[in-house]
Amino acid sequence: MKELFRKFGSKKIICILCSSLFLLALILFLFFKSEFISKAEASTEETTTEETTTVPETTTIPETTTIPETTTEETTTIPPEPLPVTLEEYGSISEGSLYGKLTCPSIGLDCYVYMGDSNSILRKGAGQIPATYLPGQGELIMVGAHNNSYFNCLQNIQGNEIITLQTSYGVYQYQVVSTEVVDVTGMNAYDFFTDHEQLLLYTCYPFDMLSHTDYRFMVHADYISGPSMVE
């Protein structure tokens, strides 16, 4: 070492050492740099791997089920026809007998029906003209009462109203088909002949008339139901 210092001088030797160290440092730098770049590239390749796309599972839409419409058929219950009756089973209906009751709740009609149309009967209720027929015989039933008492409510009756006549041998219903005012002095005031059973209610008219009048208010109601009468 001393010989080197003597031969080249201390300054020159220091320069050579510094250059050697510099070269060594440069070589190490280049080496580590190449290693760093290689690792960086490897890392980049891993991170740049193609991303896998997760395809969501397909959702199966259930088939629509058509529910058939349920059709509810309306059932109409037809009541059985009432059995025919014979008057002998219930006793005879003579003049003056109480044999039935008239009702029509919508107008307040509610009175007893007697056979006959005398003054004494009309004071107790409604009276049927004896020359007409009984309910169930398929003919005309003509019943009257005073306009200031039992039949005063007839002024409020409407078409299609149901009138019920309950007798000792069956219940009868009649539907109002018309009303009219007639003059009893006329030849055709009453029509006693019909081709079907009909209830005819009558009373003096006008309704507020308390003295004698020649006019009658009449309600025509056709037979709907009730037992037929046989001999």
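For the range 200-222, the candidate set comprises residues that are closer than 17 Å to G186 by Cα and free of Cβ contacts under 8 Å to residues at least 12 places away in the same chain; within that set, the residue that is most open to solvent (accessible area, probe 1.4 Å) is H212.
Apart from one condition, Q155 fits all of (1) surrounded by fewer than 19 Cβ atoms within 10 Å (Cβ to Cβ); (2) assigned to a strand (DSSP E or B); the exception is (2). Contact map, the range 91-114: residues that are more than 23 Å from V230 (Cβ to Cβ) and of a type in the set (D, E, K, R) paired with residues that are open to solvent by 70 Å² or more (accessible area, probe 1.4 Å) and part of a loop (DSSP other than H, G, I, E, B), Cβ distance under 9 Å, separation 6+ or inter-chain. Pairs shown: D110/Y150.
Residue count for the range 166-190, restricted to those that are assigned to a loop (DSSP other than H, G, I, E, B) and either surrounded by 12 or more Cβ atoms within 10 Å (Cβ to Cβ) or modelled with pLDDT of 95 or more (or both): 6. Quick check: is even one residue across the range 200-208 under 43 Å from the mean Cα position of the chain (by Cα) and more than 23 Å from K101 (Cβ to Cβ)? Checking the range 200-208: not a single residue is under 43 Å from the mean Cα position of the chain (by Cα) and more than 23 Å from K101 (Cβ to Cβ). Scanning the range 87-140 for residues that are farther than 19 Å from I162 by Cβ, touching a helix residue (DSSP H, G or I) at 6+ places or on another chain (Cβ under 6 Å) and open to solvent by 20 Å² or more (accessible area, probe 1.4 Å) returns a single hit, Y114.
The values are calculated or read from the model by the stated rules, or taken from the named source; none is laboratory data. Computed from a predicted model, the values in this text were never measured in an experiment. All Cβ positions, glycine included, derive from the backbone under ideal geometry; neighbour counts span all protein chains shown. In case anyone asks, the SASA skips ligands and DNA or RNA and just uses the protein heavy atoms, side chains included. Shrake-Rupley method; radii C 1.70, N 1.55, O 1.52, S 1.80 Å.
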